[in-house]
1. List the relative contact order of the range 103-184 as a percent without decimals, with contacts defined as Cα pairs under 8 Å and 6+ residues apart.
2. With every protein chain present, what is the per residue accessible area of the range 50-165 (1.4 Å probe, Å²)?
3. FRET efficiency for Phe163 and Leu325, Cβ-Cβ distance as r, R0 = 41 Å, nearest 0.05?
4. Please go through the residue pairs Lys151/Lys253; Lys194/Lys231; Lys194/Lys253; Lys187/Lys253 and name each one whose alpha carbons sit more than 31 Å apart in this structure.
5. Suppose R0 equals 45 Å. What FRET efficiency, 1/(1 + (r/R0)^6) with r the Cβ-Cβ distance, do Ala226 and His78 give to the nearest 0.05?
6. Just the number, please: carbon plus sulfur as a percent of the accessible area of the range 62-121, 1.4 Å probe, no ligands or DNA/RNA counted.
7. With r defined as the distance between the Cβ atoms of Leu335 and Asp176 and R0 fixed at 25 Å, what FRET efficiency is calculated, to the nearest 0.05?
8. Calculate, in nm to one decimal, what Thr120 and Leu215 gain on full extension: separation in residues at 0.36 nm each, minus their alpha carbon distance.
Amino acid sequence: MKHSLRTYLLAMLPFALPAAAQTGRSAYDFLNIPTSSHVFGLGGTNIALIDDDVSLAGQNPALIGPEIDRQLAFSYMHYMGGSNFAGVRFGKAAGERGAWAAGVRYLNYGEITGYDPDGTMTGTFSPADVVFEGTYSHDFTYRLRGGINLKMIYSNYEQYSAFAIAADLGINYYDDDHDFSVSLVLKNMGGQVKRFEEAYDRLPFDVQIGFMKGLGMSPFSFGITALHLTKWDLPYYDHKEGEETELKSNFGKNLFRHLIFGLQYQPNERFYVDLAYNYKMRSDMSNYQRNFFSGFSVGLGFKARTFSIGAAYAMPHKSASSILLNVGLNISELL
């Protein structure tokens, strides 16, 4: 029994991250799926968000510190179709100026029917990925913090399996007096150790820059995240009549395809509401009969002394929506 692994990877995994082809399709694009509902509500990528949330280590390892001491976070996402992702992460302070975190993510893409080259059905299988993560951060100064996140990735798709190692390097500058945060992240550096087949599959390496800024004395803050900075031209595709035709963007549209805009309303430390706009996602869906919600995401969260909960919603595909749920426990307050 011989299956086309490329068919599985290109038809299935990039579906979990719409329009992966526009940035260079990778079998590991699932690494960019957030585990934080707070981030998902802010467009799916936000590397400058300041919050006492250990889940933010997956966005930027410099976003965690001693403030997340003995914090445990659970995440669950129903993505699209039969895809279900779950994860857990634990963080602890490392002295007065550092912190570490460890976590695991399990991504299951539901049942898929396999066929041999003659078109005969060979049964069903459930492709899955498992990501083990370890994070360390350190405060260089009162406002400047750096961190590293190491990821070990195991993938199993029917009779094929692979193993890869990746790392994120991040730095964050946060000015509490002016409610201003800015970050730089080098994401998904690394490669495969064990291949699926003969050729190596690349990891989705990216350079990202982002900031968040409070709007005066109001409870609102605004942020912009720039991503896919390793490639300027981000064309999109016309899929009419069963053919894929590459379309070019003018300078302005291409610029906005690199940006995610987020707005947060946080009247106090216990509650927030997020709204974000991802122009790239919306323009990618333009040739799939997008609806009004394409490109938008929304989230909200509540935090008590011992626990926190969060939820976010987005429509990354014209006919399917995604929900991400988070539950956090402050173990130090429970003891």
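The values are calculated or read from the model by the stated rules, or taken from the named source; none is laboratory data. Just so it is clear, the model here is predicted, and its values are computed rather than measured. Backbone-built Cβ (ideal geometry, glycine too); neighbour counts: all protein chains shown. Remember, those area values only see protein heavy atoms, side chains included, never the ligands or the DNA or RNA. Shrake-Rupley method; radii C 1.70, N 1.55, O 1.52, S 1.80 Å.
1. 21 percent
2. 42 Å²
3. That pair, Phe163 with Leu325, gives E of 0.90.
4. Lys151/Lys253; Lys194/Lys253
5. The calculated FRET efficiency here is 0.95.
6. On the way: 1540 of 2750 Å².
Here carbon and sulfur together make up 56 percent of the probe-accessible area.
7. 0.35
8. That pair, Thr120 and Leu215, stretches by 28.1 nm at full extension.
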